[in-house]
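Below: the structure, in structure tokens.
What follows draws every value from the coordinates through simple rules; no lab data is involved. Owing to the predicted nature of the structure, the values given are computational and were not obtained by experimental measurement. Neighbour counts run over all protein chains shown; Cβ positions are idealised from the backbone, glycine included.
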Amino acid sequence: MKLEARKVLDMVNTPEHEAELRIKSLPVDFKEYSLKDIQKFADDMKTKMLEVKMPKGWKPVGLSAIQVGVPLRMFWAMEMNSDNYELFINPTFQIIDFTQSTDKEGCLSIPKAEGLVKRFNGIKVKYTNYEGEQISKKLYDWNARIVMHEIDHLEGILFTDKLIEDEKSS
């Protein structure tokens, strides 16, 4: 598979992109791709993410490889309350806080759509970072929400699949 980032797939303006976004992503194989090649692709992904036009005062908080047309298990996620983005390669997670919160979510691939989604408040995630290091860390609240949203993308799941109705943010 070629590591080449296309522009961010937009299923609102190009409905046929939905089928592509629903593909389950494959693990990144470090025997098939060098770390340098993965980093170059990741840098291209991040550039594409930051090029998306956002409402004034808003920033993109995450982007998965499938959203730029490459079905590999990797994504960028912003650390809330900072301008830092972290690369997650081959992430897995376990729930560590089984309480759930409901809040609004949106998606770069579904422009102008938003809705309420219920997610767990805490997870422990294991992944390979940009430098190729194995990382394990606990994430809570919005940081956990962003990572779970992006992991859903890796499974071919969109936030619109998880919308709930008539529930206020908690």
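Some observations on this one:
- Among the listed pairs K7/K36; K7/K56; K31/K59, those whose Cα-Cα separation exceeds 31 Å are K31/K59.
- Summed residue charge, Cβ within 10 Å of D141's Cβ, Lys/Arg positive, Asp/Glu negative: 0
- One Cα centroid belongs to segment 107-158, the other to segment 28-102; the line between them spans 8 Å.
- Partners for K124 among aspartates and glutamates (Cα-Cα distance below 19 Å; same-chain residues under 8 apart left out): E79, E86, D97, E133, D141, E150, D152, E155
- Once Cα Rg over 2.2 N^0.38 Å is calculated for the structure shown, the corresponding label among (1) 0.99; (2) 2.43; (3) 1.30 turns out to be (1).
- In segment 98-158, Cα pairs under 8 Å separated by at least six residues give a relative contact order of 24 percent.
- Other residues within the sphere of radius under 15 Å centred on the Cβ of K53, judged by their own Cβ, net out at +3 (K and R +1, D and E -1).
- Per-residue HN-Hα couplings for segment 40-57 [Karplus 6.51, -1.76, 1.60; θ = phi - 60°; Hz; x = Gly/Pro]: 4, 4, 4, 4, 5, 4, 4, 4, 4, 4, 6, 7, 5, 5, 10, x, 3, x
- Local electrostatic count, K36, Cβ distance below 12 Å [Lys/Arg +1, Asp/Glu -1]: -2
- Using C-alpha pairs below 8 Å separated by at least 6 residues, the relative contact order for the chain is 25 percent.
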